[in-house]
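Have a look at the structure below, then the notes.
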Amino acid sequence: QVQLVESGGGLVQPGGSLRLSCAASRNIGSATVMGWYRQAPGRQRELVARITDIGSTNYRDSVKGRFTISRDNAKNTVYLQMHSLRPEDTALYYCNVDYGHWGTYWGQGTQVTVSS
């Protein structure tokens with residue numbers, strides 16, 4: 001079993017920044033894909049950004065140019081740097097790590113609230 005612990009969420013004003021972290025209990029060097037998802041009340045969970053084992057990244061259109069996903073294999077941690085936050089970015093943000101046939105795991109979520 002792999003534990004993922006997210007941190008870094010909070011309340012921020014529109015235009016502000018936050019950096020989310022997701023620390024894994026297993027070496028992420030063996031992970032094929034790591035991603036950040038979010039779910040707002042009454043809405044489905046959606047992919048925000050993901051990064052592969054070779055460093056390729058993908059972002060949903062609404063966060064391109066504002067969010068950056070990165071990974072630090074030495075620290076077994078994946079990050080989501082968020083700038084120019086908007087009220088519509090408000091959601092519970094989840095980390096996901098895919099270890100291939102060793103399984104896919106989710107964190108417990110960290111709340112991001114963008115409000116003045």
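When the range 8-26 is filtered for residues that are on the phi > 0 side of the Ramachandran plot and open to solvent by 30 Å² or more (accessible area, probe 1.4 Å), the ones remaining, listed by number, are G8, G15.
Which residues, taken from the range 15-47, are in contact with a helix residue (DSSP H, G or I) (Cβ under 6 Å, 6 or more places away or on another chain) and either at pLDDT 95 or above or among the small types (G, A, S) (or both)? Of everything in the range 15-47, just one residue is in contact with a helix residue (DSSP H, G or I) (Cβ under 6 Å, 6 or more places away or on another chain) and either at pLDDT 95 or above or among the small types (G, A, S) (or both), namely G29. The single condition from (1) out of contact with any Ser or Thr (no Cβ under 9 Å at 6 or more places or on another chain); (2) open to solvent by less than 50 Å² (accessible area, probe 1.4 Å); (3) of a type outside the set (K, R) that L4 fails is (1). Taking the criterion of being assigned to a loop (DSSP other than H, G, I, E, B) and either touching a His at 6+ places or on another chain (Cβ under 8 Å) or crowded, with 17+ Cβ neighbours inside 10 Å (or both), the only residue of the range 27-41 that qualifies is A31. If the condition is being basic (K, R) and assigned to a strand (DSSP E or B), then the range 1-26 contributes only R19. Checking each residue in the range 48-98 for being polar (S, T, N, Q), within 19 Å of T32 (Cα to Cα) and touching a residue at least 60 places away in the same chain (Cβ under 8 Å) picks out only N96. Screening the range 42-116 for strands (runs of 3 or more DSSP E) wholly inside it with 2 or more residues that are closer than 27 Å to G29 by Cα and open to solvent by less than 70 Å² (accessible area, probe 1.4 Å) returns the ranges 46-52, 57-59, 67-72, 77-82, 91-98.
The values are calculated or read from the model by the stated rules, or taken from the named source; none is laboratory data. Since this is a predicted model, take the numbers as computed values, not measurements. We place every Cβ from the backbone using ideal geometry, glycine too, and count neighbours over all the protein chains shown. Ligands, DNA and RNA are excluded from the accessible area calculation, which covers all protein heavy atoms including side chains. Shrake-Rupley method; radii C 1.70, N 1.55, O 1.52, S 1.80 Å.
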